[in-house]
Amino acid sequence: MIAHILNLGRRGCDVLEALGRSGLFLAQSAVGVPSREGWYLWLRQMHFVGVLSIAIVLVSGLFIGMVLALQGYTILVDFGAEQALGQMVALSLLRELSPVVAALLFAGRAGSALTAEIGLMKATEQLTSMEMIGVDPLRRVVAPRLWAGFVALPLLTIGFSVIGIYGGYLVGVEWLGVFEGSYWGGMQSSVAFIGDVGNGMIKSMVFALVVTWIAVFQGYDLVPTAEGISRATTRTVVYSSLAVLGLDFVLTAVMFGGFS
Amino acid sequence: MKRSKTMELGVGLFMLAGILGLLFLGLRVSGLTFDMPGDTFRLEANFANIGSLKPRARVTMSGVTVGRVTAIELDRDWYDARVILELDAELEGKLARDTTAAILTAGLLGEQYIGLTVGGDPEMLVNGDTIRDTQSALVLEELIQQFVSNMVSD
Amino acid sequence: MIESPLVEVKGLHFSRGEKTIFNGVELQIPRGRITAIMGPSGTGKTTLLKLIGGQLTPDVGRVLIDGHDVHELSRKALFTLRRRMGMLFQSGALFSDLSVFENVAFPLRVHTELPEAMIRDLVLMKLQAVGLRGARELMPAELSGGMARRVALARAIALDPDLVLYDEPFVGQDPISKGVLVQLIKTLNDALGLTSVVVSHDIPEALSIADYVYVIADGQVMAQGTPASLDVDEDRRVSQFVHGEPDGPVPFHYPAPEFFRDILDLEGRP
């Protein structure tokens, strides 16, 4: 019995210790002006993390937009309010679905790739040899990936929203017969740029920070074996997903819950 | 350091697409407009009940958008709602003094906007004037109450 | 005249978690020679190299390189010192996103401001020394294990260091590759006047080129001397290790109950 409590306590201390390590890690990696070479490293990571995630984000966005319109129509039509489809699709996407789903997809695709890549570099002693040559691996390997994640995910979220709204248009207007004017007009009068688009972007930026941070930290901190890498990639996806969903609730309550 | 032109191009396009997407969201989706400051003139109108009228709501005449609601405040002298309108400068001095402003609803559950109807007064409204003749928003509950009390009295 | 050693390790104590890895280790690495550090697996030989290289800090004790205490140096001074050291890792540790050429050029770009043309010449010379000049545009994933290690060696000597540390260079190599590496280590050491420290448990290869040997076991230096003297050392632990005897002070059998009783399942019965 006592042993269980002690074990729990030890686990708790481990968690705190890991949090502390990851905080220091973030501080050391993210600070510092990138050099000219650092600029190119960032660009490269933007490609791997951002450009290569475009496909999954856009396809998912399209389908989610279309499903939203389809489901939304069937519900709204009972109230005779199907002309409000535009604002329903837009608000759902901009406020909630785009930031959250894009972040979850990003964590699964780019986050796990980041963890695996950095973990493999650790396991093959590339990070150590970099240090021995006199280069700080945090600056050269981790920082470009962190900054690429910070920038790429918000951009991907924008893409998700745009294509989702378009998908909703395809289903709602082209297929189900909602008036084109109502779709866009209702949207335009209900969607506030600062309130809805802006808050959605803020959410996305917060998620970008958390997901990328978790991904690179898990890669950097893992046990350098094959099993260690596989466990770390799993942790990245799981922790990122939980963090995104939890933070989403908090942010939604603050932004849209009407509490000041 | 090998520089891949295609990669740089790809990332550049990605970022450009993001910025364009943001523009799209701003203009097409949330209806941001660029109001040029010199091209509007200001009118005020007081309403007993503004319903769900919001700032940035449209102001129309015969269904054509001619301006926007810029602010809604509580009038401390008359204890009703004072709505500030910005209208196209072209209409300055063209609207009669007895022009009516009514709060209308687009569709059954749509957004509320202000519809102007011209009057016949020879005197015109200028910048800063107040529209005297106003019609408040129809509040559903009051309508129902009216309807019910009418039915009862029959 | 006896030259002062390039590297001195004094009174080194180091633990990781609850495990004591080093319990009072004293080493002197002579200049211009090949020194082998040997011992059974798991005795922390890679850790020792990391302690020498300044990546890990000892709990007690000092590491002196050319008279400088490695762990007392400022960041800038450590950076300058690292320029004089090269390290070859067990897995080669080439940067997987750079070509062979770029890997070898990496230390040059980090530590010097040399123009591209000079960097190109230097890289080609180093690759020539390890016999891989023709492979310069390949990516690390396209190299065999032995080739990768040779490239890593070229990278380790890119800045013409004074000290090169080799971490288990012969592990898992086919006989030809092993022969190549042994040859390279010896030739480079003599030709460039390097001081080499080879950590290994491959006895014949290491002893064939070493000028001096340290055997580390149980966290301390168990034996030291020239290869010839170790061969005839009377300490049973040393001779078991050096001659690769399967049984001796390091026992063959993992501790277990008596065989007869165990197989007849008599344990637990009177």
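Where nothing but the Cβ of Lys and Arg (+1) and of Asp and Glu (-1) is charged, how large is the charge dipole of the stretch C:1-91 around its Cα centre, in debye to the nearest 20?
It works out to roughly 360 debye.
Along the Cα-to-Cβ line of B:ALA96, 7 Å from the Cα, sits a label point; which residues in the stretch B:61-77 have backbone N less than 20 Å from it?
Counting only backbone N, you get B:61-64, B:66.
For chain C, give the magnitude of the charge dipole about the Cα centre (Cβ charges: +1 Lys/Arg, -1 Asp/Glu; no others), in debye to the nearest 20.
Approximately 900 debye in magnitude.
At 4 °C and 1.567 mPa s, grab the translational diffusion coefficient of the stretch C:1-149 from Stokes-Einstein with a Kirkwood Rh over Cα pairs, rounded to a whole number in µm² per second.
73
At C:ILE176 and C:THR80, where each label point lies 7 Å from the Cα along Cα→Cβ, what is the point-to-point distance in nanometres?
4.6
Give the separation of the Cα centroids, the stretch A:159-205 to the stretch A:97-121, in Å.
Using only Cα atoms to place each centre, the spacing works out to 26 Å.
For the pair A:GLU227/C:LYS186, report the inter-label distance in nm, with labels modelled 7 Å from Cα in the Cβ direction.
It works out to 4.1 nm between the two label points.
If R0 is 41 Å, what FRET efficiency do you get for A:LEU52 and C:ARG16 from their C-beta distance, rounded to 0.05?
0.60
Pull up all non-local amide H partners of B:ASP129: gap of 5 or more, or a different chain, and H-to-H distance under 5 Å with H placed in the peptide plane.
B:GLU44
Taking 1 over the mean of 1/r across every pair of different Cα atoms in chain A, what Kirkwood radius in Å do you get?
Averaging 1/r across every pair of different Cα atoms and inverting gives 20.0 Å.
Helix-derived [θ] at 222 nm for chain B: sum -39500 (n - 2.57) over DSSP H runs of at least 4, divide by residue count, nearest 500?
That comes out to -7500 deg cm²/dmol.
Per DSSP helix of 4 or more residues, -39500 (n - 2.57); summed, then divided by the residues of chain A. What does that give at 222 nm, rounded to the nearest 500?
Mean residue ellipticity at 222 nm (helix-derived): -24500 deg cm²/dmol.
Note the per residue figure in Å³ for the convex hull of the C-alpha positions in the stretch A:118-260.
That works out to 148 Å³ per residue.
Testing the spin-label approximation: label points 7 Å from Cα along Cα→Cβ at B:THR105 and C:HIS68. State their distance in nm.
It is 8.1 nm.
Specify the longest stretch of chain B that does not include any exposed loop site, a site being one of the chymotrypsin sites (Phe, Trp or Tyr not before Pro) with a non-H, G, I, E, B DSSP assignment and at most 15 other Cβ atoms within 10 Å.
That gives B:80-154 as the longest site-free run.
Post the alpha-carbon centroid distance, the stretch A:2-72 to the stretch C:103-150, in whole angstrom.
34
What residues qualify as long-range amide H neighbours of B:THR40, i.e. H under 5 Å apart, gap of 5 or more or another chain, H built at 1.01 Å from N?
B:ALA89
Applying the Karplus parametrisation 6.51 cos²θ - 1.76 cosθ + 1.60 with θ = phi - 60° to the phi angles of the stretch C:111-126, what ³J(HN,Hα) value in whole Hz is obtained for each residue in order, glycine and proline being reported as x?
9, 10, 10, 5, x, 3, 4, 5, 4, 4, 4, 4, 4, 4, 5, 5
Enter the Cα centre distance for the pair the stretch C:43-67 and the stretch B:69-120, rounded to the nearest angstrom.
81
Antiparallel versus total DSSP beta bridges in the stretch B:40-144: what percent is that, nearest 5?
75
So, R0 is 41 Å and r is the distance between the beta-carbons of C:ASP265 and A:ILE2; what FRET efficiency does that work out to, to 0.05?
After rounding, the FRET efficiency stands at 0.70.
In whole Hz, what ³J(HN,Hα) sequence does the stretch A:164-180 give by Karplus (6.51, -1.76, 1.60; θ = phi - 60°), x for Gly and Pro?
So the J values, rounded to whole Hz, are x, 5, 5, x, x, 4, 4, 6, x, 7, 5, 9, 8, x, 5, 5, 4.
Please compute the Cα-Cα pair-distance distribution of the protein assembly as shown with 20 Å bins starting at 0, giving whole percents from short to long.
14, 33, 25, 16, 9, 2, 0
Would you mind calculating the relative contact order of chain C from Cα pairs under 8 angstrom and at least 6 residues apart, reporting the percent as a whole number?
That works out to 24 percent.
Would you mind checking which residues have amide H under 5 Å from C:ILE216's amide H? H placed 1.01 Å from N; only 5 or more apart, or other chain.
Placed amide hydrogens put C:MET38, C:GLY39, C:MET222 under 5 Å from C:ILE216.
Considering the Cα positions of the stretch B:40-144, please state its Rg to one decimal place and its Dmax as a whole number of Å.
13.1, 41
Could you tell me, in Å, what Rg and Dmax come out for the Cα atoms of the stretch A:195-260?
So, for the stretch A:195-260, Rg and Dmax equal 15.0, 49 Å respectively.
Relative contact order, percent, of chain A when contacts are C-alpha pairs under 8 Å separated by at least 6 residues?
32
Give me a single rounded figure for C:49-60: the average over its residues of other chain Cβ atoms within 10 Å of their Cβ.
Per-residue shielding by partner chains comes out at 1.
At 10 °C and 1.306 mPa s, grab the translational diffusion coefficient of the stretch A:66-201 from Stokes-Einstein with a Kirkwood Rh over Cα pairs, rounded to a whole number in µm² per second.
After rounding, the answer is 92 µm²/s.
When DSSP assigns beta bridges and you keep just the ones with both residues in the protein assembly as shown, what percent turn out antiparallel, to the nearest 5?
Percentage antiparallel, nearest 5: 65.
Compute, for the protein assembly as shown, the length of the dipole vector about the Cα centre, with Cβ point charges of +1 (Lys, Arg) and -1 (Asp, Glu) only. Units Debye, rounded to 20.
That gives the protein assembly as shown a dipole magnitude of about 1660 debye.
Within chain C, what's the longest run with no GluC sites (Glu not before Pro) in a DSSP loop and at most 12 other beta-carbon atoms within 10 Å? Give the range, please.
Result for the longest clean stretch: C:138-233.
Where a Cα-Cα gap under 26 Å defines reach, which lysines qualify for C:LYS50, not counting those fewer than 8 residues away within the same chain?
A:LYS122, C:LYS10, C:LYS19, C:LYS76, C:LYS126, C:LYS178, C:LYS186
So which chymotrypsin sites (Phe, Trp or Tyr not before Pro) in the stretch C:173-270 are both in a DSSP loop and have at most 15 other Cβ atoms within 10 Å of their Cβ?
Here the chymotrypsin sites (Phe, Trp or Tyr not before Pro) that fit, given the DSSP loop and packing criteria, are C:PHE252.
Report ³J(HN,Hα) in whole Hz for each residue of the stretch C:58-71, in order, from the Karplus equation J = 6.51 cos²θ - 1.76 cosθ + 1.60 where θ = phi - 60°; Gly and Pro get x.
Taking θ as phi minus 60°, the curve returns x, 6, 9, x, 9, 10, 10, 10, 6, x, 8, 6, 4, 8 Hz for the stretch C:58-71.
Tell me which of A:GLN218, C:VAL242, B:GLY10 sits at the most positive position along the dipole axis of the protein assembly as shown, charges placed on C-beta atoms (Lys, Arg +1; Asp, Glu -1).
With unit charges placed on the Cβ atoms, the residue in question is C:VAL242.
Coordinate-derived values only; no laboratory data. Keep in mind it's a predicted model, so treat the numbers as computed, not measured. Cβ sites come from the backbone with ideal geometry, for glycine too, and all protein chains shown count toward neighbours.
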